[in-house]
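The values are calculated or read from the model by the stated rules, or taken from the named source; none is laboratory data. Predicted model only: the values in this text are computed from it and were never measured. Cβ coordinates were reconstructed from backbone atoms using ideal geometry, including for glycine residues, and neighbour counts include every protein chain displayed.
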């Protein structure tokens, strides 16, 4: 099903490329945009995960350089019955994380130093289980392709003001260029919104099943939900098209639960997880997280740094 969604997404983004190209330089611009779009379709499927990781300064780690974090990821991969992904750390004070990759066999997870320093092991497990849910649901392909195309459309739209705008009869003119600068990124954002919001709720629920405890993620979300406002993530601000990939919105001033938000309101996500925990309790469903049936609550475990 997600491959079908990805095909629709690629078609929509390609259409936006063609429209922007036509407005910039008529039929010639549309032809150039088509060639660029075809190249980006191929590139996005095979290399966009590496590009996104580079955008956020992510560095790969292993069992020696980040033992506790790596072990959490390893055990969650086993719980989720997924291949071990590549493991990355972003040296950023904002507590956040994301997953990327075109399929489970080529996936990667990344957590910030801020997240690993603020959260307990159980809470980190809840966050990374959410990212494994995206991998298992094959959301990461859609997320990464969308980030690549949305960023490119925004960049091309900004160039419209300087590419024949107002100087060539085939161009959009000054008013058209200004309109395109506003409408093209907005259209790309709306495409992002259509695939982002419900996906987060689904990943929260599946993530709870992978780590065995809904309240671990609920506790983590409560701690990190203000990070996008209190701590500026410069890499995310410079690459806003990747915002929907993170577990919480990394951009400042954008946590409203409305049409233009990439994420559901955090309070709603926490409430859904608490309701799920109550449901499990009523069903007498045992928790079975990575540390066995004893599973302490996140409040019983002190925060630990990323280096073990």
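Brief remarks follow.
- Qualifying residue in the range 133-144 (condition: farther than 26 Å from residue 48 by Cα, assigned to a helix (DSSP H, G or I), at pLDDT 90 or above and touching a helix residue (DSSP H, G or I) at 6+ places or on another chain (Cβ under 8 Å)): no
- Note on the range 112-125: among residues that are part of a helix (DSSP H, G or I) and over 18 Å from the mean Cα position of the chain (by Cα), the one that is surrounded by the most Cβ atoms within 10 Å (Cβ to Cβ) is 123.
- The range 44-64: number of residues that are surrounded by 14 or more Cβ atoms within 10 Å (Cβ to Cβ) and at pLDDT below 75: 3
- Matching option when the condition is touching a helix residue (DSSP H, G or I) at 6+ places or on another chain (Cβ under 8 Å), part of a strand (DSSP E or B), surrounded by 18 or more Cβ atoms within 10 Å (Cβ to Cβ) and at pLDDT 95 or above, among 109, 73: 109
- Taken over the range 269-278, the residue count meeting the criterion of being closer than 12 Å to residue 204 by Cβ and free of Cβ contacts under 8 Å to residues at least 40 places away in the same chain is 2.
- The range 76-95 - residue that is without any contact (Cβ under 8 Å) to a residue 40 or more places away in the chain and part of a strand (DSSP E or B) and, of those, surrounded by the fewest Cβ atoms within 10 Å (Cβ to Cβ): 86
- Residue 67 meets all of the listed conditions (1) touching a helix residue (DSSP H, G or I) at 6+ places or on another chain (Cβ under 8 Å); (2) over 25 Å from residue 139 (Cβ atoms); (3) modelled with pLDDT of 95 or more but one, namely (1).
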